[in-house]
Amino acid sequence: MRRLLVAGAALALILLIAVALISTGLVGGGAVGATIREVFTGSAGRGGAATRPGGASAHSWTDAERGLIASLSIDRLPPLPPDPSNAVGDSPDAVALGHALFFDSGLSPDGSVACSTCHQPDRYFTDGKVLANVRDVDTPRHTPTIVGIAYSDWFYWDGRKDSQWAQALAPQEAAIEHGGTRTAHARYVLSRYSSEYEAVFGPAPDLSDTLRFPAEAAPVEDETALAAWVAMSEADRGAINRVFANIGKSIAAYSRRILPGRSRFDDYAAAALANDGTRMSELFSPQEAEGLRLFFGDGQCTDCHNGPLFTNGSFHNVGLPLPEGSKFDQGRSLGTLQVVEDVFNCLGKYSDADEEACVELRFIKIEGEELIGAFKVPGLRNVAETAPYMHNGTFADLDAVIRHYNHAPPAFPGHSDLVPLAFTEEQSAALIAFLLTLSAPADAPPELLLPPEGSE
Ligand code: HEC
Ligand code: HEC
């Protein structure tokens, strides 16, 4: 009993402190919380402020501002940590196999679709379309880039996958993407890439018995393929799942190598940190510097787009307009339910991770109003090159994005985490000018940005 009382008192104290912090604005409660800027600089207020006059003052930063700028620099990006769920994630042989598979349209029944059909290297691994579309059918969402995505905890706009290898399995069976089945893909990879596969994963199972391993079997919507899958023995399904997971692990080993490169902004950040005014004004126009100031200042973009990849890795509802004829997209509130059920998740038997390593999944927040209509905060590196924008591709260009942030209409259903910025034309233009400084060629061995030699 005494223990309970002490615990109760401690809880009350924690609650009191939390309330005090939130009301003083030290801990963010979404839109009402303090911004990083307020904590760092002690200033508040949003929008309306006049853009500074150009010239040298555009490049004068306080120590706190320099710290914030440096926090966005690629120099602060830590080396990519290993993915404990993928034992071959950093194996060169797996990279080579994954490289071949990423570009191989043999992983689709009609030979027309590869990962690279939608994630095109010369478009920063996007496709330039509003919604991904193959065989003249739209998918419900817009194709995001995969550059630097290996740093994410969650994959897809709704985070319904918790590793890059588990993610790489889904499009292979989605009817509106590759449209294949796992038995067909396992058989294809083991016949075309048998020595490459065995070099990475050891002896491959013998799938020659088509009674045990039907040509097309998978837990998918297609009834014939589903019936064939259900009719297989559990052990045989396990053998197929293992090969399928390994296909994903090699594709992930390849994709992990595609990292963002050093942009003009990163050089500017280094100059700002060194307080080198001459170098700063060589690198950025006064307008671009002003855009940067607005980005972490009055724009409060760093509430969500922070760190060297310009994302907090979290999910937010930004109250996007619903394009005519489209259904409301639940976003994260369904993604959480799907990832905990996924046999290929971090805690599943095809994962190479110890349970303790699956921190994100073990402590996932499954429900909550803030998850409704919330989507993953995309990184902003190379954003100028990857139009159109948002999970539904609803904005054609950066002007349209900033117009949205300026108005920030309420969301329905769910609630928007944005507050209208009401920036002037000049401020909006400066913000966009800054975003354009984030472009740089991907940092990857050049041969990985092309189909592998000898592939057709
Ligand atoms: C038909 C076009 C298409 C094909 C083919 C395709 N993708 Fe995608 N990819 C998308 C779309 C659209 C999304 C976002 C879907 C969503 O969030 O529901 C996506 C999301 C992703 C993501 C998550 C990125 C993030 O921000 O979380 C990765 C990684 C990825 N794809 C890799 C692959 C790989 C690997 C393949 C091949 C096995 C592949 N994709 C095949 C269109 C495609
Ligand atoms: C409350 C969090 C939050 C804030 C604050 C925020 N963003 Fe975003 N941003 C997001 C989310 C979430 C998305 C994706 C939304 C979706 O697709 O539904 C996004 C998408 C974007 C995109 C599109 C990127 C792409 O690849 O599709 C751009 C550009 C962008 N934001 C810029 C900004 C700028 C500039 C600011 C400051 C004015 C800002 N954001 C403030 C959360 C935020």
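One table, with the values for the structure above:
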{"read-out": "Cα gyration tensor shape of region 368-456, rounded if a/c is under 1.5, else prolate or oblate by comparing a/b with b/c", "value": "oblate"}
{"read-out": "Helical contribution to [θ] at 222 nm, DSSP H n ≥ 4, -39,500 (n - 2.57), averaged over the chain, rounded to 500", "value": "-11000 deg cm²/dmol"}
{"read-out": "Radius 14 Å from Cβ of residue 124, net charge of other residues (Lys, Arg +1; Asp, Glu -1)", "value": "-1"}
{"read-out": "Sites residue 112 and residue 222 - FRET efficiency at Förster radius 22 Å, r taken between beta-carbons, to 0.05", "value": "0.80"}
{"read-out": "Local electrostatic count at residue 193 - Lys and Arg +1, Asp and Glu -1, tallied over other residues with Cβ under 13 Å", "value": "-2"}
{"read-out": "Rounded to 10°, Cα long-axis angle of helix 92-102 versus longest principal axis of the chain", "value": "90 degrees"}
{"read-out": "Cβ-Cβ FRET estimate between residue 330 and residue 129, R0 fixed at 22 Å, reported to 0.05", "value": "0.45"}
{"read-out": "Amide hydrogen neighbours beyond the local backbone of residue 134, cut-off 5 Å, H modeled", "value": "139"}
{"read-out": "Environment charge of residue 266, counting only residues whose C-beta is closer than 15 Å and scoring Lys/Arg +1, Asp/Glu -1", "value": "0"}
{"read-out": "Under the Debye formula (equal points on every Cα, no solvent term), log10 I(q)/I(0) of region 129-205 at q = 0.11, 0.21 Å⁻¹", "value": "-0.39, -1.06"}
{"read-out": "Semi-axis lengths (Å, descending) of the ellipsoid that matches the C-alpha gyration tensor of region 92-259", "value": "25, 19, 14"}
{"read-out": "Solution diffusion estimate, µm²/s, Stokes-Einstein, the chain, Kirkwood Rh from C-alpha pairs, 10 °C, viscosity 1.306 mPa s", "value": "66 µm²/s"}
{"read-out": "For region 331-341, 3J(HN,Hα) per residue [Karplus equation, 6.51 cos²θ - 1.76 cosθ + 1.60, θ = phi - 60°, Hz, x = Gly/Pro]", "value": "x, 4, 5, 8, x, 5, 5, 6, 6, 6, 8"}
{"read-out": "Nonlocal Lys pairs with alpha-carbon distance under 30 Å, the chain (8 or more apart, or different chains)", "value": "17"}
{"read-out": "Cα-derived Rg to Rh of region 268-404, Kirkwood definition", "value": "1.07"}
{"read-out": "Estimated inter-spin distance, residue 264 and residue 397, nm [label 7 Å along Cα→Cβ]", "value": "1.8 nm"}
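Laboratory data are not the source of any read-out in this text; all were calculated from the coordinates shown. Because the structure is a prediction, the values reported are computed rather than measured. Note that each Cβ is placed from the backbone with ideal geometry, even for glycine, and that neighbours are counted across all protein chains shown.
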